[in-house]
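The values are calculated or read from the model by the stated rules, or taken from the named source; none is laboratory data. Predicted model only: the values in this text are computed from it and were never measured. Cβ coordinates were reconstructed from backbone atoms using ideal geometry, including for glycine residues, and neighbour counts include every protein chain displayed. The accessibility values were calculated without ligands, DNA or RNA, using every heavy atom of the protein model including side chains. Shrake-Rupley method; radii C 1.70, N 1.55, O 1.52, S 1.80 Å.
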Amino acid sequence: MAREPLPKQPRQNPAEVSEDPHSDKEASASPPLRVISGPPPSFFQREAPAIESLLTTEEAAACLGTTKRTLEAWRYAGGGPVFVKLGGRLVRYRPRDLENFVAAGERLNTGGAAP
């Protein structure tokens, strides 16, 4: 026995959101749309988690004007910027650590010490 297809209902545009589903406006043939409330105001005022501000090796190399390979060599030899290792495998850099690395390299002349 074949089943009859369900009757097609008109699609509603999700952008059309009723401001007040219980208003005294004239009732329409279609059911009122549900009110979609946005996130609480504090949602947008929170700081982004620190994990989102971590840079990949490629991004860090671009910030420093060097190559990925140079950063890898510095990590191995122990002379580059501080890095973070996640899960024993992923290497990431904090922007502030890159800034500190650059600041540590400031010199007043070619043979002089840091200011």
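Here are some notes:
- Checking GLU58 against (1) touching an Asp or Glu at 6+ places or on another chain (Cβ under 9 Å); (2) modelled with pLDDT of 95 or more, the condition it does not meet: (1)
- Of the residues making up segment 101-115, those that are open to solvent by 70 Å² or more (accessible area, probe 1.4 Å) and either free of Cβ contacts under 8 Å to residues at least 24 places away in the same chain or touching a Phe, Trp or Tyr at 6+ places or on another chain (Cβ under 8 Å) (or both) are GLU106, ARG107, LEU108, ASN109, THR110, GLY111, ALA113, PRO115.
- Qualifying helices (runs of 4 or more DSSP H) (wholly inside segment 56-115; at least 2 residues being of a type in the set (Asp, Glu)): 57-64, 95-104
- Annotation: of all residues in segment 69-100 being among the aromatic types (Phe, Trp, Tyr) and surrounded by 10 or more Cβ atoms within 10 Å (Cβ to Cβ), the one that is farthest from the chain's Cα centre (by Cα) is TRP74.
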